[in-house]
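The values are calculated or read from the model by the stated rules, or taken from the named source; none is laboratory data. Predicted model, so just to flag it, every value in this text is computed and none were measured. Here the Cβ positions follow ideal geometry from the backbone for every residue, glycine too, while neighbour counts run over all protein chains shown. Heavy atoms of the whole protein, side chains included, go into the accessibility calculation; ligands, DNA and RNA do not. Shrake-Rupley method; radii C 1.70, N 1.55, O 1.52, S 1.80 Å.
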Amino acid sequence: MATLELSEISVRFGGLQALTDVSFCVREGDIVGLIGPNGAGKTTVFNVITGVYQTSAGQVRYDGTPLRALRPHKILALGVARTFQNIRLFQNMTALENVMVAQHCRTRVGVLGAVLRLPSQKREEERIRQRSLEALEFMDLGEFAGELASNMAYGLQRRLEIARALATEPKTILLDEPAAGLNPAESRDLMHTIGRISELGINILMVEHDMKVVMGICRHIVVLDHGVMIAEGKPEEIQRDPRVIEAYLGNELN
Amino acid sequence: MTIRVSKLWFGYALAMAWFYVLLWPLLGIKADGLEFGASFAIWSKVAVASAILLGLYQLKKVGAFGFVERPAKVVGKAAGAVAARVPTWVALALVAAVAVAFPFFTERYAHDVAISVLVYIILGLGLNVVVGLAGLLDLGYIAFFGVGAYTYALLSVHFGLSFWLCLPIAGGFAAIAGCIIGYPTLRMRGDYLAIVTLGFGEIVRIVINNWMSLTNGPNGILGIKAPGIYWWNGKGFEHMLLNSLEQLYYIILALAVFTIVAVYRLNHSRIGRAFEAVREDQTAAELMGVDTLRIKLLAYALGAVFGGLAGTFFAARMKFVSPESFTFIESAMVLSMVVLGGMGSIPGVILGAVTLIALPEVFRGFELYRMFVFGGVMAGMMIFRPKGLWPAKRMGARSEERE
Ligand SMILES: Nc1ncnc2c1ncn2[C@@H]1O[C@H](COP(=O)(O)OP(=O)(O)O)[C@@H](O)[C@H]1O
Ligand SMILES: [Mg+2]
């Protein structure tokens, strides 16, 4: 059903071949891990899926719909939400407002409704607030609703990004290094949270460096190196794969 | 201590030297030779005045004024506590009462200034949608004021359409102009946006200036009608033009109130949040489902509507329009109000308009040096209160408050 399907994706930046023939799927109920050394092209995969970058070859399909010609907000409306490796919250807005923005694509009322405060606008506004508070509660951020995003601690900002993505009511969520910069306790919490997100029936594709997190929750793993997919499979297969070990060890030796 | 004091006076000497270097060429270089007397006279007055102020400041630092300051602080604190208790609606009702009663205890000249202030409040709030909320710099905003003014002028003179009918028409034309100007700039950011909007503002003025057959060019359009209403005179309805300053004051007051309510409600709606998201991080906003191109176009169009409404009133009040009223300096003035008052803050923009229009009137006595003082105040403000006189409140209260 809500399958995200990449087939033979290639991306070039001038002379740099960032991705070469990348193909994989995120299926209903999946938690897929995307791993690889720095600069391997993981974030680029996210940017291709969400419509920030155009591919030079290949197709991304969601539910069978090709995403190629769609602008990012349309792709989001189809049900693919994401978080960012470098946190990109709306810094001068409160936590609640950040999440309320995410309801934009699920709501309709326009200028006239807002200026005249029509009953439909009031109802919708109430619903937006309700859903947003639920998303905050889900991420355990209820007490920070009125806090300015820029005043929140780093770990909370990471959670707020996930809350914001959830408030778009996605069917698939892309998490770009959600555990980066978190302490071990926070990481454990995050693993638990990702499990709960999956239980909501949301498919997950995540980039993560923390192998404990990746091996702990992903059912399927894709490994990238220099823009090329070098392995794909179950966590225990990946751990034993000689090319993966080489890519990681080789990287460490540099 | 002594080191800091001497540093302060060194700074003072430096500032005064700089001031003289600035002042003398303005006053001292004449066609028939150089002159030092006039500039020195002014300079010495300023120097003595600032020396006294600096001295007082130092005494205050040392604590010589403790005997006044301490009680003043107590009184201030008590007043603050009382003010915090007063509900917002009481404060608003008070302001409204003063605004409604204003013409009864003032005279013509004050009415005139108040009307200007209210026109600029509408302009400031309109530009605030574009600059303060959506974060798009617009240096040609006054063009929409011009479009509104000329729309009413032409429809009134050639077709005799009424002011009230022309208000929405002019708003609509201004919105279309906003889209035309906004569209090509949608993919631009920062500096480029500033230059292009500046260019468009000038284009509108130059077109008005040169389209003789339609706009009568630099000579302008005369004979625009004031707003009219139907009045019950006992026997039947009679048409009456609202010509007097008091009547015009109430019309523009109503328009300003409408603008304030509309902008406030927009600000607290899904559209307003989308504007702010675009200002904060356009890419993230797009990726979170906001159609950023459409939202930016909407910001231009909405800002333009308020400009158009203000322009319609301006034409009706002056009964004459000419391209001279829509120069770049007017755009700069409106932008200054928004920045000075506090970007994104409704009370801030109102305060900015009052400050920039009413204060120069108070300082009429200075006449020649008015712009000089104006520049100084602006520079000082940006140094000491860079977020504006009344910065937008963002500490949670905004989204938490319920009505
Ligand atoms: N917009 C861009 N322009 C040019 N090069 C880019 C751009 N985005 C990413 N790259 C390059 O593509 C490669 C992959 O980057 P990225 O996807 O961010 O890696 P990862 O997320 O795996 O660390 C890097 O070499 C990076 O410099
Ligand atoms: Mg990355």
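Take B:Met188: with every protein chain present and a 1.4 Å probe, its accessible area is about 60 Å². Of all GluC sites (Glu not before Pro) in region A:47-143, which ones are in loop regions per DSSP and have a Cβ with at most 15 other Cβ atoms within 10 Å? When the GluC sites (Glu not before Pro) of region A:47-143 are filtered for loop state and at most 15 Cβ neighbours within 10 Å, nothing remains. Only Lys, Arg, Asp and Glu carry charge here, each on its Cβ (+1 for the first two, -1 for the last two); on that basis region B:108-393 has a dipole of about 340 debye about its Cα centre.
For A:Val207, the shell of other residues with beta-carbons less than 11 Å away shows a net charge of -2, using +1 for Lys and Arg and -1 for Asp and Glu. Scanning residues 5 or more positions from A:Gly36 or on other chains, those with amide H under 5 Å from its amide H are A:Leu224, with H placed 1.01 Å from N in the peptide plane.
Applying the Karplus relation 6.51 cos²θ - 1.76 cosθ + 1.60 with θ = phi - 60° to region B:176-193 yields 3J(HN,Hα) values of 4, 4, x, 5, 4, 6, x, 4, x, 9, 4, 9, 9, 9, x, 4, 5, 4 Hz, where x marks Gly and Pro. Quick one: Debye curve from the C-alpha atoms of region A:89-169, no solvent, what's log10 I(q)/I(0) at q = 0.13, 0.18, 0.20 Å⁻¹? Scattering profile of region A:89-169, log10 relative to I(0): -0.39, -0.69, -0.81.
Among the residues of B:267-275, the average count of other protein chain beta-carbon atoms within 10 Å of the residue beta-carbon is 6. Relative to the globular-protein estimate of 2.2 N^0.38 Å, the Cα radius of gyration of region B:125-184 stands at 1.24.
Put a dot 7 Å past the Cα of B:Val261, heading toward its Cβ, do the same for A:Glu126, and the two dots end up 2.2 nm apart. Each listed q (0.15, 0.20, 0.23, 0.30 Å⁻¹) maps to a log10 I(q)/I(0) for region B:266-316, found by the Debye formula over equal Cα scatterers with no solvent: -0.46, -0.67, -0.79, -1.09. The relative contact order of chain B comes to 24 percent, based on Cα pairs under 8 Å that sit 6 or more residues apart. Among A:Arg164, B:Arg4, B:Arg270, the order of accessible area from largest down is B:Arg4, B:Arg270, A:Arg164, computed with a 1.4 Å probe on protein heavy atoms. Grouping the Cα pair distances of region A:9-125 into 5 Å bins from zero gives a pair-distance distribution of 2, 9, 15, 17, 18, 13, 10, 7, 4, 3, 1, 0 percent in increasing distance order. Counting, for every residue in A:100-109, the Cβ atoms of other protein chains within 10 Å of its Cβ and taking the mean gives 5. Taking Cα centre as origin and charging only the Cβ of basic (Lys, Arg, +1) and acidic (Asp, Glu, -1) residues, the dipole magnitude of the protein assembly as shown rounds to 1640 debye. Tilt of helix B:66-85 relative to the longest C-alpha principal axis of chain B, in degrees (0 to 90, nearest 10)? For B:66-85 against chain B, the angle is about 20 degrees.
The slack between A:Gln91 and A:Ala180, meaning 0.36 nm per residue of separation minus the straight C-alpha distance, is 30.1 nm. Based on the alpha-carbon gyration tensor of region B:130-269 and its eigenvalue square roots a ≥ b ≥ c, which shape applies: rounded if a/c is under 1.5, prolate if not and a/b is larger than b/c, or oblate? Cα axes put region B:130-269 in the oblate bin.
Report summary: the helix-based calculation at 222 nm, which adds -39500 (n - 2.57) for every DSSP H run with n ≥ 4 and divides by the residues of chain A, gives -12000 deg cm²/dmol.
Averaged over peptide B:257-266, the number of partner chain Cβ atoms lying within 10 Å of each residue's Cβ comes to 2.
The convex hull built on the alpha-carbon positions of the protein assembly as shown has an orientation-averaged projected area of 42.0 nm². Taking a sphere under 12 Å around the Cβ of B:Ser39 and counting the other residues whose Cβ falls inside, with K and R at +1 and D and E at -1, yields a net charge of +1.
Once the gyration tensor of the Cα atoms in chain B is diagonalised, the equivalent ellipsoid follows with semi-axes of 40, 28, 26 Å, ordered largest first. Packing order of peptides B:282-292, B:53-63, highest average first: B:282-292, B:53-63 (average count of other Cβ atoms within 10 Å over each peptide's residues).
Can you list the DSSP H helices in chain A whose Cα atoms extend at least 15 Å along the helix axis and whose mean Kyte-Doolittle hydropathy is 1.0 or higher? Within chain A not a single helix satisfies the rule. Length available on full extension from B:Glu107 to B:Val5: 0.36 nm per residue minus the Cα-Cα distance, which gives 31.8 nm.
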